Amino acid sequence: MKNLIPSIIVCLVFLIVVPLSAQAFESRVADRGMTSVTIEWDAAPSGFQGYYKVWRDEIGAVGTSSNHVVAYTSSDLSKVTFTDLDLQSGGHYKYTVQLYDATDHLVFSANPIEVCTQRSVPAIQWTYVAIGVLVIVLLIAALFYGAGGIIEHPVGMLAIASALVLGFGLIGFGVTATSFVAAC
């Protein structure tokens with residue numbers, strides 16, 4: 001019986017560790033927003049008893065980071081997503097998902113993933129700016145080259161004012177347009 005104990009231990013190790021190590025345990029970005037990030041990862045093996053820990057490193061401008069637990073689940077191993085809310089717009093983060101067994105031993109550590117939240121940046125819409133400038137230039141040209149008599153008519157004044165508002169409005173809209181991009 002004494003000689004069987006090492007063989008039993010080796011068999012148990014192969015039955016438990018080999019199937020676990022053969023499985024891929026990867027994480028990936030599922031979604032990112034202005035102030036939130038959703039990550040997902042591969043599920044734990046069927047019948048596994050344990051929990052996940054999700055670690056977040058905030059990567060600063062000078063390369064500094066702080067490491068702390070963001071979330072963990074101890075009973076629901078089917079939950080394979082996590083949404084981190086209230087992040088900084090344009091922030092740079094690194095997430096690592098780890099799988100622990102019921103005795104608090106690290107079994108798997110997924111690939112660390114870096115993600116940046118989105119930030120808004122000015123994105124000039126040149127089409128609107130160009131049309132606005134064209135409207136104003138055509139109005140000035142029309143007034144300069146002989147349509148000056150239109151100013152004396154009330155409807156003409158309304159048409160000129162409308163053209164100016166339209167032209168400057170298109171320019172303003174084109175300049176203040178924004179788009180959302182990842183910060184890093």
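Can you give the net charge of the other residues whose Cβ lies under 11 Å from the Cβ of Gly50, counting K and R as +1 and D and E as -1? It would help to have the intermediate numbers written out before the result.
Values: positive: Lys53; negative: Asp101, Asp104.
That sum, taken over residues with Cβ under 11 Å, equals -1.
Could you work out how far apart the two model spin labels at Leu85 and Asp101 are, taking each label as a point 7 Å from the Cα in the direction of the beta carbon, and quote it in nm?
Roughly 3.6 nm, to one decimal.
I want the local charge near Phe108. Using Cβ-Cβ distances under 12 Å, sum +1 for each Lys or Arg and -1 for each Asp or Glu among the other residues.
Counting the neighbours of Phe108, the net charge comes to -2.
Sort largest first and round to whole Å: the equivalent ellipsoid semi-axes of the range 88-145, each the square root of five times a Cα gyration tensor eigenvalue. Display every interim value, and only then the final one.
Values: eigenvalues 736, 12, 7 Å².
In descending order the semi-axes read 61, 8, 6 Å.
Bear in mind these aren't lab numbers, they're just calculated from the coordinates by the rules spelled out. As the structure is a computational prediction, the values presented were derived from the model and not from experiment. Reconstructed Cβ throughout: ideal geometry from the backbone, glycine too, with neighbour counts over all protein chains shown.
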